Amino acid sequence: MKSAVETLNPTRVRLTVEVPFEELKPSLDAAYKKINQQVTVPGFRKGKIPARVIDQRFGRGAVLEEAINDALPKFYTEAVNEGELNVLGQPEVDITEFNDGDELKFTAEVDIRPSIEIPDYSGIEVTVDAVEVSDEDVDKSLEQLRERFASTTSVERPAAEGDVVVIDLEASVNGEVLEDGVAKGVSYTIGSGELLDGIDEAVTGLEAGGTATFTSELKGGSAAGQEASVKVDVTAVQARELPELDDDFAQLASEFDTLEELRADSVKRLERIKQYDQATQAQEKVLDALLELTEVPLPEKLLKDEIETRTHNLEHHQFEALGLTWESYLEREGKTREEYDAELEEQAKKGIKTQFVLDELVNKEKLSVNQEELTEHLMRRAASSGMSPDQFAQAVVEGGQVPLLVGEVARGKALAVVVEAAKVVDTNGEVVDLDDDEDETAETVDASAEAESAEEPTEA
């Protein structure tokens with residue numbers, strides 16, 4: 001076999017391959033054997049039909065076609081290895097010349113990973129938010145904790161914002177009550193926005209025993225996305241009572257004896273959260289700076305496939321789960337379809353570019369992934385997926401996704417190398433030492449790499 005590589009552009013090549021007929025013999029023999037097992041000819045045992053009889057009964061062309069289909073992947077792979085190409089996706093193959101007994105000639109156009117020159121990233125400098133916990137932050141945190149320990153008391157008065165109403169709902173479309181549109185004994189906090197649009201206005205001012213009807217777009221169920229007439233019956237009105245913010249509350253809601261101790265712990269907890277957010281912000285900004293410095297040609301077909309995949313996942317997974325349509329989704333996001341498409345393209349470009357750059361850094365820095373690092377990453381991914389580590393590990397192995405997880409960890413380590421080399425300062429001009437949050441930083445680095453490469457480019 002002979003092969004040659006023609007560079008069409010920085011991300012695409014054309015392979016020209018010539019295969020002598022004698023090198024097709026193993027595939028030709030395999031084709032006769034396969035056809036032998038599939039057909040029956042009177043006078044011959046199954047699997048024992050001579051080649052000449054198969055040619056006469058079914059045509060030599062059918063055998064040659066089967067042989068070529070068997071041989072092409074092997075010779076294509078040999079040509080890729082011979083050319084030392086890092087290919088992406090599936091090739092577009094064209095048989096340019098073939099006659100029985102003569103050599104086979106074909107071409108294969110395929111996307112390749114572009115050659116990337118990693119720039120000097122030691123001069124990257126980014127500014128992140130300072131870790132500052134205000135009294136307002138602490139007050140808000142304690143208020144949220146009070147909300148968790150709120151109690152309710154039935155009252156005989158019109159319902160107002162903040163009250164809890166116990167309601168029965170009945171949704172109708174075109175005058176017909178939906179089978180899955182009836183719910184009874186639902187507790188709803190007025191103003192929370194957790195149910196249907198329009199319900200707050202409908203129940204506000206009603207007392208127990210009151211009824212109202214309003215129109216709303218259903219968010220889920222058999223009529224998701226449709227306008228429905230919703231009847232709501234209020235069976236009870238309850239006032240929410242928050243506990244006093246004192247030492248008794250501290251003992252009720254925590255392991256602390258005094259409110260002062262609870263406030264001090266809240267400060268420490270909020271500082272940890274802000275440090276985590278600061279580390280994430282630093283990584284995102286360092287990554288953006290690195291991408292800005294690096295020239296990365298993008299394969300057009302890969303980009304197109306990436307956009308189509310993301311759009312498909314949105315339409316057939318998120319839309320179905322949330323009961324959305326394009327119209328309702330765009331209205332919720334406050335965008336036109338053109339604006340959405342433009343943002344999606346930029347996200348896809350950044351995702352592909354991020355993966356290419358970080359993979360190149362893995363090679364340049366000779367980074368590897370050990371079993372402990374892979375296990376820690378698997379545990380984090382399992383937690384975020386809602387699965388147990390054993391279930392997640394089994395799904396990963398059965399799906400052949402172990403190399404993808406290894407790639408995620410390696411890219412996370414590559415990004416960590418760049419972050420370590422960069423200068424990170426906060427808005428107060430203070431240098432930020434991210435090593436203080438090593439464990440949390442490792443997690444956010446992994447998460448950043450995962451997010452950018454969520455839709456993996458397919459490599460052959």
Check: Per q in 0.11, 0.17 1/Å, what log10 I(q)/I(0) does a Debye calculation on the alpha-carbon atoms of the range 259-452 return?
Finding: -0.66, -1.31
Check: Which is farthest toward the positive dipole end of the chain among Pro42, Ala160, Gln347, measuring Cα position about the Cα centre, with Cβ charges +1 (Lys, Arg) and -1 (Asp, Glu)?
Finding: Pro42
Notebook entry, point to check: Per the Debye formula with a single identical scatterer at each Cα and no solvent contribution, what log10 I(q)/I(0) holds for the chain at q = 0.07 Å⁻¹?
Noted result: -0.64
Notebook entry, point to check: How about the range 79-154: which GluC sites (Glu not before Pro) there are in a DSSP loop, with at most 10 other Cβ atoms within 10 Å of their Cβ?
Noted result: Glu84, Glu117
Check: If you line up the long axis of helix 25-38 against the longest principal axis of the chain, both from Cα atoms, how many degrees apart are they, to the nearest 10?
Finding: 70
Next item on the list: Taking every pair of Cα atoms in the range 184-237, average 1/r, invert it to obtain the Kirkwood radius, and report Rg/Rh to two decimals.
Entry: 0.95
Note to self: Can you tell me the orientation of helix 389-398 relative to the chain, as the angle in degrees between its alpha-carbon axis and the longest Cα principal axis, to the nearest 10?
What the structure shows: 20
Margin query: With unit charges on the beta carbons (Lys and Arg positive, Asp and Glu negative) and the dipole taken about the Cα centre of the range 200-278, which residue among Leu252, Val267, Ser216 sits farthest to the positive side?
Written below: Ser216
Check: What is the fewest-to-most order of Asp426, Asp288 by other Cβ atoms lying within 10 Å of their Cβ?
Finding: Asp288, Asp426
Check: Remind me, relative contact order of the chain in percent, using alpha carbon pairs under 8 angstrom and six or more residues apart?
Finding: 17
Next item on the list: Which order do the peptides 301-312, 397-408 take when ranked by the mean count of other beta-carbon atoms within 10 Å per residue, highest first?
Entry: 301-312, 397-408
Margin query: If packing is taken as the average number of other Cβ atoms within 10 Å across a peptide's residues, how do 345-356, 164-175, 238-249 rank, most packed first?
Written below: 345-356, 164-175, 238-249
Notebook entry, point to check: What fraction, in whole percent, of alpha-carbon pairs in the range 92-170 exceed 14 Å separation?
Noted result: 84
Notebook entry, point to check: Relative contact order (percent) for the range 278-413, with alpha-carbon contacts under 8 angstrom and 6 or more residues of separation?
Noted result: 27
Next item on the list: Sort the following peptides by mean Cβ neighbour count (other Cβ atoms within 10 Å, averaged over residues), highest first: 34-45, 70-81.
Entry: 70-81, 34-45
Checklist line | For the range 203-290, the Rg and Dmax computed from alpha carbons only, in angstrom | finding: 23.7, 63
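So what's Rg/Rh here for the range 2-112, counting alpha carbon atoms and using the Kirkwood radius for Rh?
1.09
Which of Leu367, Leu196 comes first, and how do the rest follow, when ranked by fewest Cβ neighbours within 10 Å?
Leu367, Leu196
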Note to self: Please rank Leu287, Leu374, fewest neighbouring Cβ atoms within 10 Å first, as an exposure proxy.
What the structure shows: Leu374, Leu287
Notebook entry, point to check: Cα-Cα pairs above 21 Å in the range 151-241: how many percent?
Noted result: 27
Check: What's the angle, to the nearest 10 degrees (0 to 90), between helix 371-385's Cα axis and the longest principal axis of the chain?
Finding: 60
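Throughout, read-outs are computed from the coordinates displayed, never taken from laboratory work. Please read these numbers as outputs of a predicted model, since none were measured by experiment. When we count neighbours, we look across all protein chains shown, and the Cβ atoms used for this are built from the backbone with ideal geometry, even at glycine.
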